Every structure is written in C-alpha cells, then in structure tokens.
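The structure appears below as structure tokens.
The values are calculated or read from the model by the stated rules, or taken from the named source; none is laboratory data. Since this is a predicted model, take the numbers as computed values, not measurements. So basically every Cβ, Gly included, is an ideal-geometry build from the backbone, and we count neighbours across all protein chains shown.
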Amino acid sequence: MQFYTSVQISSTLAHRLEAMPKVEIHVHLEGATDAETIYEMAKRNQVELPVASLDEWKKFYKFRDFNHFIQVYVTASKCIQTPDDYVLMVERFIKHQSEQNIRYSEAFVSVSLHSKKLTDDELLAALSAGMSAGEAKYNSRVNFIADISREYPDTQSKVLEFALKGQEKGIIIGLGLGGIELGNPAQNFAETYKEAKRQGLRVVAHAGEADGAQSIRGAIESLHAERIGHGIRCLEDAELLEELHHSQIPLEVSPQSNYCLGSVPRHQQHPIRQMIDAGLYCTLNSDDPAMFSTSLYNEYVTLAAQGFSWEELWQLNLNTLEASFLSETEKAKYRDQWQEFLLCTHPLKT
C-alpha cells in the first residue's frame, strides 16, 4: 500500500488546469445530473422517492458503498420519465461540461434503465434535441454510448437495437457495459458485442473496478473492448499489466469515483500513479460527477495534490483526446486548439 502526503498546488497551476481545453470520455449522463434536477423530475412525474424532502434526498444521494450507489443511480433514473426530462438533462450536461472548458464528451446513457419509458424514436429524438440546444448555447459537444447494465442481461439485445438506430441518426457512437460487475461476467455479453462491432459501433466496457483483474481480461478477450472503464485492478496481475503495456488499450480512470466507492482507500495514493509508471495508457475522467461531488477539473486537482506535474497532467489530457472516438479530422482540429492554448500560456516555475 502506497501512502501519499498531499501537496499544496500553486494558484498558477490550478488556474491553468481550469482554463485548459479538455475532453472527457467516461462520464454518465444520469450520474452527471444534480440532485436538485432529479428531485424536480420526481415531483413533476409523481415518482415516489424513499425520502420526504429535498434535503433528505441530497443526503440519500451521498452513497454509503457501491451497492448503495447503484440504488441511488437506479432510483434517480426512475425519476427521468418524459422527453422533456431528457432534453433538459442533456442541455444541462453540456452547460456543465462547457463551464469546465470541456470541449467534447463521450457520455454513457443507461439504456437498460430507460428503454421501457419511451420508444427508441422518442428517446433518440429527446437526446438529439438536448444535444442541438446545448451545443448551440455552449462551446461544447457530446456523443453518446448506449450502456447495458450488467445486472439486466435480458436487455442487451434491446440496447443494441437502440444503439444501431442511434448510430444511423448520428447520436450514438458506441456500446458500453456498466452496472454491477461482480457476478455478471463479460462473457454473458460476447455475442451482442460481436454484432455491435460487425455493425460498426465502437465498444467499451467497465471492468476492474469492483471485480479483479480477471474482469478486465474478460472484457478484452470476450468483448474485444477498445477501451476499459476504470481498470485499476490490473495491478493485481503482472501478466495482464504487461499485456496492457504492450497493447496500449486506453484505461478510463476516475480517481474520485474510486475513492468514494471504496475501491481505493482515501489515505492511499491513487493507483493511476503506478499504472502510468508501468507504461499504461491512462485517461482522466469524472464518471458520475454529481453523485461523487466532483468534476473533471477536480480530478486533475486531485492528482496535482498527489504530486503529478503539469506535464503529466497535460499528457493525460492529450491521452484522453487521442483515446476518443472522434475522427482523425476532428482530432486534428482539437489538437490545433490545444496547441494554441499552450502557446498562450507561460511555463510554470517549479
């Protein structure tokens, strides 16, 4: 176990981390929606909550462990009912991303939890309307990844069908696998992933967060995942570590999520330090920022306080851009913006 002493970061570094243009590729639309907005929807849609007031709901939102987090996530998702709810949620998401200078996001939508509320066409139209409204108002854009919840394997065909319809409309770019990792191995979703890849969807999977290194191996070998969500348990398997070093499969790391859910003890240095030192391809993300009281900016500050240099943090930002599913033409435009930002800043004094 590696401990760390938190360091005071300079105001110059903090300002630079706030101002730098960013990309995020592991963030959940539902988990990025604040407690107040979900409470508004619950009241408007007459959804019964396990609490009697907004203050109690905010307290309930503060999870106790991973199982409680899933309970909060599922409960919040039930409150989102109408097309207008989805439009509002997407527009507010883009606004929040823009406020952090996040120029582009790839966000998960937990389709397993929403598919019975609206038809595919209704939900896709709502997501599209929110995207158009948000992108018109704010300097940020988003593409969506349709997420299968592992604990609902019977929904996987439905989620794939939704993803393919969304792909045709330019709304959905990929298929993901989230939810309860333990007891729901990747192998259960292999055929669905095979078809998704055949149809041109990009494929990613959460693995190696609540379950061990074998879960990561399953996501790679059974699903041929192009990116791994979290992946921090790879450090438990030296052979897997070497394979990830060789393959350079991007790992979508979210430190505050790991701390909040107890995957990493609060007093322990986050394993992303060891992962980077081992030559793994790491990116930095916020996962469920509203539920974990974080932001992508705060994730960078978290690592800065653990001794990461500006150069290392900037490289994580570059990694995230390159690991995105943007076309090479689109990436080139962002690279130009990133370079312009660097040219307009002065070197940090160390």
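Can you spot a residue in region 129-138 that is more than 21 Å from Ser327 (Cα to Cα), out of contact with any Lys or Arg (no Cβ under 9 Å at 6 or more places or on another chain) and buried (at least 23 other Cβ atoms within 10 Å of the Cβ)?
Checked against the condition, which is being more than 21 Å from Ser327 (Cα to Cα), out of contact with any Lys or Arg (no Cβ under 9 Å at 6 or more places or on another chain) and buried (at least 23 other Cβ atoms within 10 Å of the Cβ), region 129-138 yields no hits at all.
Of the residues that make up region 258-271, is at least one surrounded by fewer than 22 Cβ atoms within 10 Å (Cβ to Cβ), more than 25 Å from Asn188 (Cα to Cα), touching a helix residue (DSSP H, G or I) at 6+ places or on another chain (Cβ under 6 Å) and of a type in the set (Val, Ile, Thr)?
Among the residues of region 258-271, at least one is surrounded by fewer than 22 Cβ atoms within 10 Å (Cβ to Cβ), more than 25 Å from Asn188 (Cα to Cα), touching a helix residue (DSSP H, G or I) at 6+ places or on another chain (Cβ under 6 Å) and of a type in the set (Val, Ile, Thr), which makes the answer yes.
How many residues are surrounded by 19 or more Cβ atoms within 10 Å (Cβ to Cβ) and either of a type outside the set (A, V, I, L, M) or at pLDDT below 95 (or both) if we restrict to region 195-209? Lay out the reasoning, then the answer.
Step one: list which residues in region 195-209 are surrounded by 19 or more Cβ atoms within 10 Å (Cβ to Cβ), which gives 196, 201-209.
If we keep only those that are either of a type outside the set (A, V, I, L, M) or at pLDDT below 95 (or both) as well, we get 202, 206, 208-209.
Of the residues in region 195-209, 4 are surrounded by 19 or more Cβ atoms within 10 Å (Cβ to Cβ) and either of a type outside the set (A, V, I, L, M) or at pLDDT below 95 (or both).
Checking the structure you have, find out if any residue of region 49-62 is modelled with pLDDT under 95 and among the hydroxyl-bearing types (Ser, Thr, Tyr).
yes
If Pro289 passes every condition in (1) buried (at least 21 other Cβ atoms within 10 Å of the Cβ); (2) assigned to a helix (DSSP H, G or I) but one, which one does it miss?
Single failed check for Pro289: (2).
Mind checking which pairs have a first residue in region 257-283 that is within 23 Å of Phe66 (Cα to Cα) and at pLDDT below 95 and a second that is of a type in the set (Asp, Glu) and in a loop (DSSP other than H, G, I, E, B), Cβ under 6 Å, 6 or more apart or different chains?
Pairs found: Ser263/Glu209.
Could you give me the residue pairs with C-beta distances under 8 Å whose first residue belongs to region 1-19 and is closer than 18 Å to Gln315 by Cα, whose second residue is at pLDDT 90 or above and assigned to a loop (DSSP other than H, G, I, E, B) wherever it lies, and which are 6+ apart or on separate chains?
From region 1-19, the pairs are Glu18/Gln100; Glu18/Asn101; Ala19/Asn101.
Of the residues in region 60-86, how many are closer than 16 Å to Ala42 by Cα, of a type outside the set (Ser, Thr, Tyr) and part of a helix (DSSP H, G or I)? Reasoning before the result, please.
Here is the first cut: in region 60-86, the ones closer than 16 Å to Ala42 by Cα are 60-61, 71-86.
Within this subset, residues satisfying the condition of being of a type outside the set (Ser, Thr, Tyr) are 60, 71-72, 74, 76, 78-81, 83-85.
Among the residues that remain, those that are also part of a helix (DSSP H, G or I) are: 60, 71-72, 74, 76, 78-79, 83-85.
Residues flagged as closer than 16 Å to Ala42 by Cα, of a type outside the set (Ser, Thr, Tyr) and part of a helix (DSSP H, G or I) within region 60-86 amount to 10.
Scan region 208-254 residue by residue and report those that are out of contact with any Cys (no Cβ under 8 Å at 6 or more places or on another chain) and at positive phi.
Scanning region 208-254 gives His224, His230, Gly231, Gln248.
May I ask you to list the residues in region 25-46 that are part of a helix (DSSP H, G or I) and not hydrophobic (A, V, I, L, M, F, W, C)? Explain how you work it out, then say what you get.
Quick first cut of region 25-46, residues part of a helix (DSSP H, G or I) only: 30-32, 35-44.
Result: Glu30, Gly31, Glu36, Thr37, Tyr39, Glu40, Lys43, Arg44.
Can you tell me which residues in region 166-205 are closer than 14 Å to Val109 by Cα, in contact (Cβ under 8 Å) with a residue 40 or more places away in the chain and not β-branched (Val, Ile, Thr)?
Once the filter is applied, which keeps residues that are closer than 14 Å to Val109 by Cα, in contact (Cβ under 8 Å) with a residue 40 or more places away in the chain and not β-branched (Val, Ile, Thr), region 166-205 yields Gly166, Gly174, Gly176, Leu177, Gly178, Gly179.
Out of Lys58, Lys62, Lys95, report the one residue that is of a type in the set (D, E, K, R) and over 19 Å from the mean Cα position of the chain (by Cα).
Details: Lys62 fails: over 19 Å from the mean Cα position of the chain (by Cα); Lys95 fails: over 19 Å from the mean Cα position of the chain (by Cα).
After applying the criteria, what remains is Lys58.
Restricting the search to region 153-182, which residues are outside any helix (DSSP H, G or I), surrounded by fewer than 18 Cβ atoms within 10 Å (Cβ to Cβ) and modelled with pLDDT of 95 or more?
First pass over region 153-182, keeping only residues outside any helix (DSSP H, G or I): 169-182.
With the extra rule that they be surrounded by fewer than 18 Cβ atoms within 10 Å (Cβ to Cβ), the set shrinks to 169-170, 180, 182.
If the condition is that a residue be outside any helix (DSSP H, G or I), surrounded by fewer than 18 Cβ atoms within 10 Å (Cβ to Cβ) and modelled with pLDDT of 95 or more, then Lys169, Gly170 are the ones that fit.
Looking for something in a helix (DSSP H, G or I) and either among the hydrophobic types (A, V, I, L, M, F, W, C) or closer than 23 Å to Asn319 by Cβ (or both) - is there at least one such residue anywhere in region 50-57?
First, pick out the residues of region 50-57 that are in a helix (DSSP H, G or I): 54-57.
Retained after the next criterion (residues that are either among the hydrophobic types (A, V, I, L, M, F, W, C) or closer than 23 Å to Asn319 by Cβ (or both)): 54, 57.
Checked region 50-57: at least one residue is in a helix (DSSP H, G or I) and either among the hydrophobic types (A, V, I, L, M, F, W, C) or closer than 23 Å to Asn319 by Cβ (or both).
Considering region 111-147 alone, what residues qualify as being among the charged types (D, E, K, R) and not in a helix (DSSP H, G or I)? Let's see the steps before the verdict.
Of region 111-147, the ones among the charged types (D, E, K, R) are 116-117, 120-122, 135, 137, 141, 147.
Those that are among the charged types (D, E, K, R) and not in a helix (DSSP H, G or I): Lys116, Lys117, Arg141, Asp147.
Of the residues Thr345, Thr294, which single one is among the polar types (S, T, N, Q), in a loop (DSSP other than H, G, I, E, B) and more than 18 Å from His26 (Cα to Cα)? Spell out the reasoning first.
Working: Thr294 fails: more than 18 Å from His26 (Cα to Cα).
Residue meeting the stated conditions: Thr345.
Go through region 20-43 and count every residue that is at pLDDT 95 or above and loosely packed, with under 14 Cβ neighbours inside 10 Å.
0
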